[in-house]
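The values are calculated or read from the model by the stated rules, or taken from the named source; none is laboratory data. Bear in mind the structure is a predicted one, so any value in this text is a computation, not a measurement. All Cβ positions, glycine included, derive from the backbone under ideal geometry; neighbour counts span all protein chains shown.
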Amino acid sequence: MSRVTVGSLLEMKERGEKITLLTAYDYPTAKLLDEAGIDILLVGDSLGNVVLGYENTLPVTLEESLHHTRAVARGTNRAMVVGDLPFLYYQTTIAEAVWNAGRYLKEAGAHCVKLEGGRERAEIVHALTETGIPVMAHLGLTPQSVNVFGGYRVQGKTEQAAQHLIEDAMILEEAGAFAVVLECIPTELAKEVTNRLRIPTLSCGAGPHCDGQVMVLHDLLGVSGGKVAKFVKQYANLHDVIIEALTTFKKEVAEGSFPGPEHCYRAKN
Ligand code: KIV
């Protein structure tokens, strides 16, 4: 089984074969996703709100992200592992961006990094690529800019914003990005970007015309039990499955039916 690479993703786009990307934050989950044949595992900075209990992605540190990336990398044989550069670890200077991004490949077993932003990141994308660090770009609703957007809103809705996003995507491709995540933008805009780019586009709430689909794993599996965004499809309701298992365990312990004789050791058989 060969590893998914930048080259194999480009070939998938050329063949019209859809790419799957899910988030992963730990070793056992990474193993499951790898076994299921998911192409790309993103150790997203959604780690902050999904796993670490922060209000948003902004507090995530480089060390936290690297720690979880290491665990995910240990759980994969085939999937490409993407480290997600957290807020303030790449927007400052190119030297800092190269050093921090390089740690994902050097110390954490990732194969590439993701960063948010458009043309203002072109120089950084170029420098990372030249250093040997493949970059996945991220346009549209970029959660690290939530305070600029004033909330989590669909982006690229006006003609001007749509044109700006198309140009950003082309500039990032030219700078060396090997793929681009398009988050929460209108379907027609995502289709236009996908047709214009040679590199794959990955939709996170950007409709069916992209070259691949992205989802936060906990949303797809219905772990949190709360409200999810319109673009999320819940393929399971693990929240209810887990609550049922846990309340049954508690009840059986309380009434003394667990552990049963089959769960107990004896000195002699
Ligand atoms: O951090 C994350 O999980 C992401 C995806 C939603 C694309 O950036």
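Structure notes:
For every residue, the table says whether it meets (1) closer than 30 Å to residue 36 by Cβ; (2) under 14 Å from the mean Cα position of the chain (by Cα).
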position: 65; (1), (2): yes, yes
position: 81; (1), (2): yes, yes
position: 85; (1), (2): yes, yes
position: 93; (1), (2): no, no
position: 112; (1), (2): yes, yes
position: 139; (1), (2): yes, yes
position: 169; (1), (2): yes, no
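- Condition broken by residue 147, with the remaining ones in (1) under 25 Å from residue 54 (Cα atoms); (2) within 14 Å of the ligand (Cβ to nearest atom); (3) out of contact with any Gly (no Cβ under 6 Å at 6 or more places or on another chain); (4) among the polar types (S, T, N, Q) satisfied: (2)
- Selection status of residue 139, part of a loop (DSSP other than H, G, I, E, B), in contact with a helix residue (DSSP H, G or I) (Cβ under 7 Å, 6 or more places away or on another chain), modelled with pLDDT of 95 or more and within 16 Å of the ligand (Cβ to nearest atom): no
- Output for region 102-123, where each listed residue is closer than 17 Å to residue 144 by Cα and crowded, with 23+ Cβ neighbours inside 10 Å: 113, 114, 115, 116, 121
- Single condition residue 39 does not satisfy, out of (1) in contact with a strand residue (DSSP E or B) (Cβ under 7 Å, 6 or more places away or on another chain); (2) surrounded by fewer than 17 Cβ atoms within 10 Å (Cβ to Cβ); (3) not hydrophobic (A, V, I, L, M, F, W, C): (2)
- Residues that are over 13 Å from residue 201 (Cα atoms) and within 13 Å of the ligand (Cβ to nearest atom), drawn from region 12-28: 22, 23, 24, 25
- When region 202-244 is filtered for residues that are within 15 Å of residue 180 (Cα to Cα) and within 16 Å of the ligand (Cβ to nearest atom), the ones remaining, listed by number, are 202, 203, 204, 205, 206, 207, 210, 211, 212, 213, 214, 215.
- Members of region 40-79 that are outside any loop (DSSP other than H, G, I, E, B), free of Cβ contacts under 8 Å to residues at least 12 places away in the same chain and either among the polar types (S, T, N, Q) or within 15 Å of the ligand (Cβ to nearest atom) (or both): 49
- Residue match in region 91-112 (condition: under 23 Å from residue 201 (Cβ atoms) and free of Cβ contacts under 8 Å to residues at least 12 places away in the same chain): no
- If only residues of region 235-269 that are over 30 Å from residue 219 (Cβ atoms) and among the aromatic types (Phe, Trp, Tyr) are counted, the one that is surrounded by the most Cβ atoms within 10 Å (Cβ to Cβ) is 258.
- Residues in region 1-16 that are exposed (fewer than 14 other Cβ atoms within 10 Å of the Cβ) and part of a loop (DSSP other than H, G, I, E, B): 4 in all.
- Residue ranges of helices (runs of 4 or more DSSP H) in region 184-269 with at least 2 members more than 30 Å from residue 15 (Cβ to Cβ): 238-255
- Residue 9 vs. criteria within 12 Å of the ligand (Cβ to nearest atom) and either closer than 28 Å to residue 194 by Cα or among the aliphatic types (A, V, I, L, M) (or both): no
- The requirement of being within 20 Å of residue 48 (Cα to Cα) and at pLDDT below 95 is fulfilled somewhere in region 205-224, by at least one residue.
- In region 109-133, the residue that is farthest from residue 65 (Cα to Cα) out of those that are more than 16 Å from the ligand (Cβ to nearest atom) and part of a loop (DSSP other than H, G, I, E, B) is 132.
- If the condition is being within 14 Å of the ligand (Cβ to nearest atom) and touching a residue at least 40 places away in the same chain (Cβ under 8 Å), then region 185-201 contributes 185, 200.
- Scanning region 80-101 for residues that are surrounded by 19 or more Cβ atoms within 10 Å (Cβ to Cβ) and away from the ligand (no atom under 15 Å from the Cβ) yields 97, 100, 101.
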